[in-house]
1. I'd like the full set of residues that are under 15 Å from the mean Cα position of the chain (by Cα) and among the basic types (Lys, Arg), limited to the stretch 167-202.
2. Quick one: which of VAL83, VAL115 is more than 24 Å from PRO60 (Cβ to Cβ), in contact (Cβ under 8 Å) with a residue 24 or more places away in the chain, within 16 Å of the chain's Cα centre (by Cα) and crowded, with 21+ Cβ neighbours inside 10 Å?
3. Take the stretch 51-66 and flag every residue that is over 18 Å from ARG211 (Cα atoms) and of a type outside the set (Phe, Trp, Tyr).
4. From the list ILE194, ILE181, which residue is crowded, with 19+ Cβ neighbours inside 10 Å and in contact with a Lys or Arg (Cβ under 8 Å, 6 or more places away or on another chain)?
5. Report yes if ILE68 is within 16 Å of the ligand (Cβ to nearest atom), within 23 Å of ASP189 (Cα to Cα) and β-branched (Val, Ile, Thr), otherwise no.
6. Assuming ASP189 fulfils every condition listed in (1) more than 17 Å from PHE126 (Cα to Cα); (2) at pLDDT 95 or above; (3) more than 9 Å from the ligand (Cβ to nearest atom) apart from one, which condition is it?
7. Can you name the residue in the stretch 166-178 that is away from the ligand (no atom under 16 Å from the Cβ) and among the aromatic types (Phe, Trp, Tyr) and, of all such residues, is surrounded by the most Cβ atoms within 10 Å (Cβ to Cβ)?
8. Would you say ARG163 is part of a helix (DSSP H, G or I), among the basic types (Lys, Arg) and either within 16 Å of the ligand (Cβ to nearest atom) or closer than 30 Å to ARG211 by Cα (or both)?
Amino acid sequence: MAINIEKYTSLLSELNGKATLVAVSKTKPVEDLKALYDAGQRDFGENYVQELVDKATILPKDIRWHFIGHLQSNKVKFIASFVHLIHGVDSISLLKEINKEGAKNSRVIDCLLQVHIAKEETKFGFDARELETIMNESPALKNVHIIGLMGMASFSDDLNLVRNEFKTLRSLYTTYPKFSILSMGMSGDYTIAIEEGSNMVRIGSLLFGERNYSKS
Ligand SMILES: *Cc1c(COP(=O)(O)O)cnc(C)c1O
């Protein structure tokens with residue numbers, strides 16, 4: 001599918017600098033990413049390690065790669081040397097592993113902690129109390145820098161529910177004055193997310209079209 005550049009530019013003007021756009025390019029061919037890159041996009045999000053590594057090898061080096069999926073500890077080493085931001089840190093053991101790999105690569109890796117805000121049981125993330133624990137432990141980890149929070153709202157038509165979940169995340173975010181990134185909002189709910197204070201949205205299908213998982 002050809003990228004709809006008009007949609008991209010209208011989305012950018014809608015965001016109007018209030019939120020950073022992470023273009024979620026998972027399952028999409030490098031040609032599609034390149035088309036968006038040529039239109040000026042530099043932040044791309046992927047949620048499979050191997051796919052991210054493959055694309056990063058081929059595409060221009062000034063792309064900022066965001067890892068947005070569920071990261072397994074044994075795969076951190078493949079992205080530690082270059083990843084720009086890891087959005088979905090959901091356990092202290094994962095954070096420690098990122099710290100270890102950060103040290104090996106002589107860098108401090110920026111991370112967002114994932115908070116469980118949705119009603120669905122299946123979504124990963126911390127609750128408020130766990131968040132506090134991990135924030136107390138994290139200063140000892142010198143090669144990770146927790147710069148904010150990430151969350152996914154329920155996949156629901158109940159817009160009030162979605163809005164309230166974003167409100168919950170926003171209020172947790174504001175209890176940590178050092179945080180600077182609040183990553184919330186996807187193709188279906190980014191408008192509400194921005195109204196509720198998001199400053200980073202992760203948008204895939206709106207830019208690249210629907211994903212087709214069956215063809216791989
Ligand atoms: C796939 C994905 C997105 C983008 O979803 P769209 O609905 O296609 O915009 C955002 N965040 C995460 C964590 C994802 O896995």
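1. Result: ARG202, single match.
2. The unique qualifying residue is VAL115.
3. Result: VAL53, ASP54, ALA56, THR57, ILE58, LEU59, PRO60, LYS61, ASP62, ILE63, ARG64, HIS66.
4. Among ILE194, ILE181, only ILE194 is crowded, with 19+ Cβ neighbours inside 10 Å and in contact with a Lys or Arg (Cβ under 8 Å, 6 or more places away or on another chain).
5. Numbers: within 16 Å of the ligand (Cβ to nearest atom): yes; within 23 Å of ASP189 (Cα to Cα): yes; β-branched (Val, Ile, Thr): yes.
For ILE68, the condition - within 16 Å of the ligand (Cβ to nearest atom), within 23 Å of ASP189 (Cα to Cα) and β-branched (Val, Ile, Thr) - is met.
6. Answer for ASP189: the failing condition is (3).
7. Among those that are away from the ligand (no atom under 16 Å from the Cβ) and among the aromatic types (Phe, Trp, Tyr), it is TYR173.
8. Considered against the rule, which asks whether it is part of a helix (DSSP H, G or I), among the basic types (Lys, Arg) and either within 16 Å of the ligand (Cβ to nearest atom) or closer than 30 Å to ARG211 by Cα (or both), ARG163 comes out as yes.
The values are calculated or read from the model by the stated rules, or taken from the named source; none is laboratory data. A quick note: this is a predicted structure, and the numbers were derived from the prediction, not measured. Note that we place each Cβ from the backbone using ideal geometry, even for glycine, and neighbour counts take in every protein chain shown.
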